[in-house]
Amino acid sequence: MRSILCPVDTSETQGDRVESALALARATGGHVTFQIATPFAQMAVWEPFGGAAISATAISEARELDEKLARELDARLGPQDVPFDVTIDDQGRVEAAAAAARFADVLVATLGDPALEEMVLGVRAPVLAVPRGLPKLTFDTPVLVAWDGGHESANALRAALPLLRLAGAVHLLTVREKDGTFPASDAACYLSRHGIHAEVHEKERNGSITFTIEECAREVGAGLIVMGLFGHSRLRELLMGGVSREMLDRSQIPLLLAH
């Protein structure tokens, strides 16, 4: 993961993202692009007789704030041992990230961000979502892969390969719930071809699937959970919540997500 994208703003969770992106870059020898995005077009003030009048003052103030944040990041990160650049984009956060993610190996986000779900679904890169207030992120701890045999799980597994190579151990978890999916043994065989040995766990559902995943993660001491987002249909997720939604809401462990 040599090309790392990290959207930044003035929120309280900015520090978690920045430090996680730097830690990932150190672990992989990567470069971080810190992206500041402000949708200036949304500052249009609609007139009663049609058309839109753009507030030059509002745009100027927003640009000044973005440039101030960029200067602060440059000054703060300049002494770091990680190559980086800071960009300013005049699109919305998700749109800007989706455009930049064309040339990103991973995007760093924060769990609890209201835009996280839209971000994961809107970009064509895996998303590393870190909990708020996370201690310094390391990549030599065990990794748990939540495997349900779906396309999303397979995409997440492939995306995680660079991090799985760094992990102290790799665990593949299948929660027995349905038949007709590709078994975890197939995923373990795939990983073995990349020189990664994975221990396979098959567990009965203990309460919710989310709790079963969390329980296994605690048992193996996982520092990262790899999972596909929306393993079931979007409609079912929206109506019933689902594993994806619960993990985004509850996880205290960083998640590597792919769609």
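The values are calculated or read from the model by the stated rules, or taken from the named source; none is laboratory data. The structure displayed is predicted, hence computed values, not measured ones. Don't worry about glycine lacking a Cβ; one is built from the backbone with ideal geometry, like all the others, and counts go over all protein chains shown. Ligands, DNA and RNA are stripped out before the accessible areas are found, and what is left, the full protein with its side chains, is counted by its heavy atoms. Shrake-Rupley method; radii C 1.70, N 1.55, O 1.52, S 1.80 Å.
Regarding VAL175, is this residue crowded, with 20+ Cβ neighbours inside 10 Å and under 15 Å from the mean Cα position of the chain (by Cα)? Steps first, answer last, please.
Working: crowded, with 20+ Cβ neighbours inside 10 Å: yes; under 15 Å from the mean Cα position of the chain (by Cα): no.
So VAL175 does not fit the description; no.
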Tally the residues that are assigned to a helix (DSSP H, G or I) and either modelled with pLDDT of 85 or more or in contact with a Lys or Arg (Cβ under 9 Å, 6 or more places away or on another chain) (or both), restricting the search to the stretch 232-256.
-> 8
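When you go through ARG132, ARG124 one by one, which is the residue that is in contact (Cβ under 8 Å) with a residue 60 or more places away in the chain, assigned to a loop (DSSP other than H, G, I, E, B) and either open to solvent by 80 Å² or more (accessible area, probe 1.4 Å) or at positive phi (or both)? Give the steps one after another, and end with the answer.
Values: ARG124 fails: in contact (Cβ under 8 Å) with a residue 60 or more places away in the chain.
Result: ARG132 is the single residue among ARG132, ARG124 that is in contact (Cβ under 8 Å) with a residue 60 or more places away in the chain, assigned to a loop (DSSP other than H, G, I, E, B) and either open to solvent by 80 Å² or more (accessible area, probe 1.4 Å) or at positive phi (or both).
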Might you let me know whether the stretch 215-231 holds any residue that is modelled with pLDDT under 90, open to solvent by 30 Å² or more (accessible area, probe 1.4 Å) and assigned to a helix (DSSP H, G or I)?
-> no
In the stretch 184-206, residues that are at pLDDT below 95 and either closer than 15 Å to LEU161 by Cα or open to solvent by 60 Å² or more (accessible area, probe 1.4 Å) (or both) total 6
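For ALA25, are the conditions met, namely being within 18 Å of LEU137 (Cα to Cα), under 17 Å from the mean Cα position of the chain (by Cα), surrounded by 14 or more Cβ atoms within 10 Å (Cβ to Cβ) and at pLDDT 95 or above? Before the answer, list the steps.
Working: within 18 Å of LEU137 (Cα to Cα): yes; under 17 Å from the mean Cα position of the chain (by Cα): yes; surrounded by 14 or more Cβ atoms within 10 Å (Cβ to Cβ): yes; at pLDDT 95 or above: yes.
Spelling it out, ALA25 is indeed within 18 Å of LEU137 (Cα to Cα), under 17 Å from the mean Cα position of the chain (by Cα), surrounded by 14 or more Cβ atoms within 10 Å (Cβ to Cβ) and at pLDDT 95 or above.
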Restricting the stretch 97-121 to residues that are over 20 Å from ARG250 (Cα atoms) and without any contact (Cβ under 8 Å) to a residue 60 or more places away in the chain, the residue that is most open to solvent (accessible area, probe 1.4 Å) | ARG102
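With respect to ALA100, determine if the residue is small (Gly, Ala, Ser), modelled with pLDDT of 95 or more, more than 12 Å from the chain's Cα centre (by Cα) and under 24 Å from ASP66 (Cα atoms). Talk me through it step by step, then tell me what you get.
On the way: small (Gly, Ala, Ser): yes; modelled with pLDDT of 95 or more: yes; more than 12 Å from the chain's Cα centre (by Cα): yes; under 24 Å from ASP66 (Cα atoms): yes.
Here the answer is yes, as ALA100 does meet what is asked.
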